[in-house]
Amino acid sequence: MKLTFPRLTTVWVPLQTLFLKNGVELILPPAPSKRTLSLGTKYAPEWICLPYKILLGNSIEGMEMGADTVLSVSGPGLCRLGCYSSLQEAALRDLGYQFEMRCFNWQEKQIVGLVEFLRDIFPGKPLLDLIGDIKFGIQQLMLLDDLERRTLKLRAREAERGAVSRFWRTVPERVGAAYSPAQLKQVRRELAAELEAIPLDPRRVPLRVGMLGEFFMVVDPFTNMDLAIELGHMGVEIERSAWISDWARVWLFLEAVGLSHGNKVKKAASPYLKRDVSGDAIQTLGETVLHSHEGFDGVVHLQPFTCMPEIIAQNMLPQVSREHDIPVLCLVLDEQMGRAGLVTRLEAFVDLMLRRRQKRGLAVAAGV
Ligand code: SF4
């Protein structure tokens, strides 16, 4: 078996460790690039949303490198996510690739489904070892998310521009090179010490901004055109609404035992949206309300062009913004969006938030 999967966000790190540790020949495609997006756009239906195009483009790159098995994930069928996997398979077959598709449906049986799925890929592997591998993968994800969370705060305070990003670029490979809990502990110590040692400018008073919207757009830096880095360099500290390790905790474990979650967010969103319209619409509205209560300077809302749940949320956001007095910047992204246009809009938004702070007599960021 020569297995490939799209190299998205940081989730490829635990997957790589898992498959290499268990002797699977892995074909890891390159990190998503302009080529990935143009391949995906060329072979995807015109109406599909941006995440699918990147996922398909990266799967094609994996097939070009010689993969014969594709790992895929399918989710709830309320929005287009429900047809991602079957569309991806059909597109790759139309291109003439011979392969086997292994698809994990994360909403069907949660953690039990994941164990069954992996048992099918690694037949004969003892159950306890398999559970140990899953636990280790989640620990890797938690470490990655913990470090990234800290970079989102520190980037706005770094004394030398780019120092935090230089550090972060080394992190996924180093976490992926840890194959045991002892090695992971050692890497954690080293990375924490390096992050601590990055010089900060004590004069900075960063703006605080929530980064929210469609899950994939929020977590994947290629898809959102390094929004966190761009804002960080403009002196903005970011609170991201979505994290892969939180997703794993909720969807693999809490949902599996019927525990409710996200009640605070649902309650905050309820005056504007009472029922789940799939995707992340409720989170977008609820988090915007909560951020206003927490004194945030603004929120950036990310949505892929034609994403139905986020269009619903976007229509409510002007009212939320007015009633809760919080500036909202809505960014609708697709393959036509250029970095220069994005940066111009971010600069204008930062300017607006700074003026708003000044008007209220609050401290503003120094050295931006
Ligand atoms: S939430 Fe939006 S972008 Fe994500 S899969 Fe559904 S329709 Fe597409």
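The values are calculated or read from the model by the stated rules, or taken from the named source; none is laboratory data. Note that this is a predicted model, so its numbers are computed, not measured. For neighbour counting, all protein chains shown are included, and Cβ atoms are generated from backbone atoms with ideal geometry for every residue, glycine included. In case anyone asks, the SASA skips ligands and DNA or RNA and just uses the protein heavy atoms, side chains included. Shrake-Rupley method; radii C 1.70, N 1.55, O 1.52, S 1.80 Å.
Results, tabulated for the structure shown:
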{"item": "Boolean, PRO202 is buried (at least 20 other Cβ atoms within 10 Å of the Cβ), in the same structural domain as GLN336 (by TED's automatic domain parsing), farther than 28 Å from PRO76 by Cβ and out of contact with any Leu (no Cβ under 9 Å at 6 or more places or on another chain)", "result": "no"}
{"item": "Out of ASP145, ASP120, sole residue that is open to solvent by less than 40 Å² (accessible area, probe 1.4 Å) and outside the structural domain of LEU55 (by TED's automatic domain parsing)", "result": "ASP145"}
{"item": "Residues within region 87-108 that are in a loop (DSSP other than H, G, I, E, B) and over 17 Å from ASP68 (Cβ atoms), tallied", "result": "3"}
{"item": "Residue within region 154-171 that is in a loop (DSSP other than H, G, I, E, B), open to solvent by less than 10 Å² (accessible area, probe 1.4 Å) and more than 17 Å from ALA228 (Cβ to Cβ) present", "result": "no"}
{"item": "Lone qualifier among ARG80, ARG119 - being at pLDDT below 95, of a type in the set (Lys, Arg) and within 16 Å of the ligand (Cβ to nearest atom)", "result": "ARG80"}
{"item": "Among the residues listed as VAL332, VAL300, the single one being under 30 Å from VAL13 (Cα atoms), in contact with a strand residue (DSSP E or B) (Cβ under 8 Å, 6 or more places away or on another chain), within 14 Å of the ligand (Cβ to nearest atom) and β-branched (Val, Ile, Thr)", "result": "VAL332"}
{"item": "Subset of region 123-142 [open to solvent by 70 Å² or more (accessible area, probe 1.4 Å) and either of a type in the set (Val, Ile, Thr) or in contact with an Asp or Glu (Cβ under 7 Å, 6 or more places away or on another chain) (or both)]", "result": "ILE131"}
{"item": "Index of the failed condition, GLN88 passing every other in (1) more than 26 Å from ALA256 (Cα to Cα); (2) touching a residue at least 60 places away in the same chain (Cβ under 8 Å); (3) within 16 Å of the ligand (Cβ to nearest atom); (4) not hydrophobic (A, V, I, L, M, F, W, C)", "result": "(2)"}
{"item": "So PRO51, is it part of a loop (DSSP other than H, G, I, E, B) and within 16 Å of the ligand (Cβ to nearest atom)", "result": "no"}
{"item": "Residue match in region 292-301 (condition: of a type in the set (D, E, K, R), closer than 18 Å to MET217 by Cβ, open to solvent by less than 70 Å² (accessible area, probe 1.4 Å) and at pLDDT 95 or above)", "result": "no"}
{"item": "One residue from ALA269, ALA242 being over 16 Å from VAL320 (Cα atoms) and either of a type in the set (Gly, Ala, Ser) or open to solvent by less than 20 Å² (accessible area, probe 1.4 Å) (or both)", "result": "ALA242"}
{"item": "Residues within region 21-55 that are among the hydrophobic types (A, V, I, L, M, F, W, C), touching a residue at least 60 places away in the same chain (Cβ under 8 Å) and open to solvent by 20 Å² or more (accessible area, probe 1.4 Å), tallied", "result": "3"}
{"item": "Some residue of region 189-196 being within 18 Å of TRP12 (Cα to Cα) and modelled with pLDDT of 95 or more", "result": "no"}
{"item": "Scan of region 206-225 for residues that are open to solvent by 50 Å² or more (accessible area, probe 1.4 Å) and away from the ligand (no atom under 16 Å from the Cβ), ordered by number", "result": "ARG208, PRO221"}
{"item": "Unique match (being in a helix (DSSP H, G or I) and open to solvent by 10 Å² or more (accessible area, probe 1.4 Å)) among LEU18, LEU71", "result": "LEU18"}
